[in-house]
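Here is the structure we will look at, set down as structure tokens.
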Amino acid sequence: MRFFHRRKNGEEENFKNLVIARVNDYVNVRDIPSEEGSIVGKLYNKSVGNYLEEQDGWTKIEAYNDRDELEQGWVKSSRIRTVKPNETYGIIV
């Protein structure tokens, strides 16, 4: 488990849609929820994105690219974790 910071009242709203990549190096971000989709980016280990939706074992996220532009794409759900607020310990993964 990795701790990010202590939770303050209402702070969990800022984190309820976050996901974090849990991989050795990076996971490919694709344009459609399939291995056949074109690779539109990479989400590196411990990088954060916003959860948008799930479909057939894939999660649609949005995250900033290396040009600080917000982009959307699909990542295998098994390669990311959802951030969950915790009453006692703060934000954990």
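Here, each number is a calculation from the coordinates, and none is a lab measurement. On a predicted model such as this, the values are computed, not experimentally measured, just so you know. Please note: Cβ atoms are built from the backbone with ideal geometry, for glycine as well, and neighbour counts cover all protein chains shown.
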Starting from the Cα-Cα distance between Asp25 and Tyr44, subtract it from 0.36 nm times their residue separation and give me the gain in nm to one decimal.
6.3 nm
Simple spin-label estimate for Asp68/Tyr51, 7 Å along Cα→Cβ, in nm, reads 2.9 nm
Around Gly41, which amide H atoms from residues at least 5 apart in sequence, or from another chain, sit under 5 Å from its own amide H, with H modelled in the peptide plane?
Val29
Yeah, region 13-67 with a ≥ b ≥ c from its alpha-carbon gyration tensor (a/c under 1.5 is rounded, else prolate when a/b outruns b/c, oblate otherwise) is oblate
Could you pull out every residue, at least 5 positions away or on a different chain, whose amide H is within less than 5 Å of the one on Leu18? Hs are placed 1.01 Å off N in the peptide plane, and Pro or chain starts have none.
Tyr51, Val83
